[in-house]
Amino acid sequence: MSSEQPATAVDESPMVMIDRRKLRRLRQESGMNQLELADRSGLSFGYVGHLERGTRLRVSPRVLGALCDALGVQDRTELMAS
């Protein structure tokens, strides 16, 4: 009998940096407040606030996608820091 543990699925996708100013501008242009963006993206209100204040800038590709989908952004790189 092997004592090895079965491999578990781990998201090893690299984290990406978002541009907090672009995030805020796109949210405001879409007419949403932070709470509405949080609701539409499935993220917490506090997390959205952290992203816009710049206290959190590294996000998973899943979070980037959720933000872009909620904001109607087709090109994911539009929210990424340059």
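Rule-based calculations on the coordinates, nothing more; no lab input. Model, not experiment: these values are computed from the prediction. Here the Cβ positions follow ideal geometry from the backbone for every residue, glycine too, while neighbour counts run over all protein chains shown.
Observations, loosely collected:
- Principal-axis tilt of helix 61-71 within the chain, Cα atoms, nearest 10 degrees: 30
- Remark: relative contact order (the chain) = 41 percent; criterion is Cα-Cα distance under 8 angstrom and separation of 6 or more residues.
- Translational diffusion coefficient (Stokes-Einstein; Kirkwood radius from C-alpha pairs) of the chain at 10 °C, 1.306 mPa s, in µm²/s: 117
- From its DSSP helices (H runs of at least four residues, each -39,500 (n - 2.57)), the chain gives a residue-normalised ellipticity at 222 nm of -13500 deg cm²/dmol.
- Listed residue (66, 41, 80) projecting farthest to the positive dipole end of the chain, Cβ model: 80
- Seen against the Cα atoms of the chain and their longest principal axis, helix 20-29 is set at about 50 degrees.
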